[in-house]
Amino acid sequence: MKNSKKIALVLALAACAGSAPAQQPAQSQATVQDGIAVRPLSRARVFAPAEMVEAQSKQQYAALVQEAGQKGVLVPAADPQVVRLRAIAKRLIPYAPRWNADAANWQWQVNLIASKEVNAFCMPGGRIGFYSGILTQLKLTDDEAAAVMGHEVAHALREHSRAQMVKSAGTNVGFRLGGALLASIFGLDPGVTDTVAQYGAQFTSLKFSRDDEREADLIGLDIAARAGFDPRAGIAVWQKMATLDKRSPPQFMSTHPGGADRIERMNAHMNLLLPVYARAKGTTVPALPPYRTVALN
């Protein structure tokens with residue numbers, strides 16, 4: 001096959017993957033771990049080679065950290081909040097490979113950026129970032145910070161961003177993804193094929209689907225519970241989010257499930273999550289004390 005035909009084929013595949021519906025009947029069979037059902041990994045991710053995604057994630061995270069440092073908003077490693085976040089991550093990480101075996105080899109990083117933004121993320125490869133606003137404005141306890149971190153880590157473990165990159169690229173004719181695919185598959189000049197560096201910002205701008213968010217909620221709480229963090233903290237986080245943002249758009253206008261929907265699903269799975277947490281704490285569910293949070297003013 002000539003190069004021109006190969007190029008056309010890859011671009012067409014990328015476009016098809018991006019426009020494919022979220023529901024894939026051929027993959028309707030779910031995987032169950034301790035009662036938590038998850039969807040099979042999206043078929044769309046095969047159009048974004050793991051090596052390309054890893055290179056892109058590594059490059060963007062390094063650029064983000066460097067820029068934050070230059071602007072004086074990268075919180076120093078000795079700061080109590082950074083120490084706290086890294087300690088939480090250290091407890092969560094051992095339980096990540098049960099959801100994705102590759103996580104055992106990830107080079108995990110955790111950094112904090114001084115910003116009022118109420119947000120956090122985890123890029124592929126275990127590159128975690130928190131904005132200080134989510135800690136201060138929501139007054140997160142350690143359990144709640146673990147629920148947030150677990151949620152973001154779950155996105156990376158289930159390769160949601162890898163699949164969404166393909167869908168996003170396909171929606172926009174697939175040319176940028178196609179270029180990176182061509183560079184990685186056929187060894188063409190990255191300067192000609194629109195390389196990773198030219199669209200690295202995709203990771204932090206991706207909007208996950210409602211199903212992705214629901215899945216990340218439950219997997220994140222599973223990881224947190226195994227690490228000895230109270231899964232009821234996930235409910236407290238979304239109650240605080242509702243208090244903080246009374247003008248949140250209705251669920252049907254957002255790719256994210258509404259807070260009430262998320263709380264309902266978490267509550268529905270507490271019969272699975274609390275025994276895991278109780279076991280990690282060396283006790284029983286009936287003996288667990290009520291969950292206590294820090295109220296917002």
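The values are calculated or read from the model by the stated rules, or taken from the named source; none is laboratory data. The structure displayed is predicted, hence computed values, not measured ones. Here the Cβ is made from the backbone with ideal geometry for all residues, glycine too, and neighbour counts use every protein chain on show.
Which of the residues belonging to segment 83-114 are in a loop (DSSP other than H, G, I, E, B), small (Gly, Ala, Ser) and either in contact (Cβ under 8 Å) with a residue 60 or more places away in the chain or within 22 Å of ALA216 (Cβ to Cβ) (or both)? Spell out the reasoning first.
In the first step, residues of segment 83-114 are kept if they are in a loop (DSSP other than H, G, I, E, B); the result is 96-100, 106-108, 114.
This time we only want the ones that are small (Gly, Ala, Ser), so: 96, 114.
The one that is in a loop (DSSP other than H, G, I, E, B), small (Gly, Ala, Ser) and either in contact (Cβ under 8 Å) with a residue 60 or more places away in the chain or within 22 Å of ALA216 (Cβ to Cβ) (or both): ALA96.
Could you say whether any residue in segment 65-82 is surrounded by 15 or more Cβ atoms within 10 Å (Cβ to Cβ) and assigned to a strand (DSSP E or B)?
Yes, some residue in segment 65-82 is surrounded by 15 or more Cβ atoms within 10 Å (Cβ to Cβ) and assigned to a strand (DSSP E or B).
Would you confirm whether or not segment 125-145 contains a residue that is among the small types (Gly, Ala, Ser) and crowded, with 24+ Cβ neighbours inside 10 Å?
Within segment 125-145, one or more residues are among the small types (Gly, Ala, Ser) and crowded, with 24+ Cβ neighbours inside 10 Å.
Being touching a residue at least 60 places away in the same chain (Cβ under 8 Å) and either of a type in the set (A, V, I, L, M, F, W, C) or closer than 27 Å to ALA37 by Cα (or both) is the filter here; which residues of segment 274-297 pass it?
VAL276, TYR291, VAL294, ALA295, LEU296
One line per residue, one yes/no per condition, for (1) at pLDDT 90 or above; (2) closer than 20 Å to GLU215 by Cβ; (3) in a loop (DSSP other than H, G, I, E, B); (4) not hydrophobic (A, V, I, L, M, F, W, C):
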residue: ILE235; (1), (2), (3), (4): yes, yes, no, no
residue: SER248; (1), (2), (3), (4): no, no, yes, yes
residue: ALA260; (1), (2), (3), (4): no, yes, no, no
residue: MET266; (1), (2), (3), (4): yes, yes, no, no
residue: LEU272; (1), (2), (3), (4): yes, yes, no, no
residue: PRO275; (1), (2), (3), (4): yes, no, no, yes
residue: THR284; (1), (2), (3), (4): yes, no, yes, yes
residue: ALA287; (1), (2), (3), (4): yes, no, yes, no
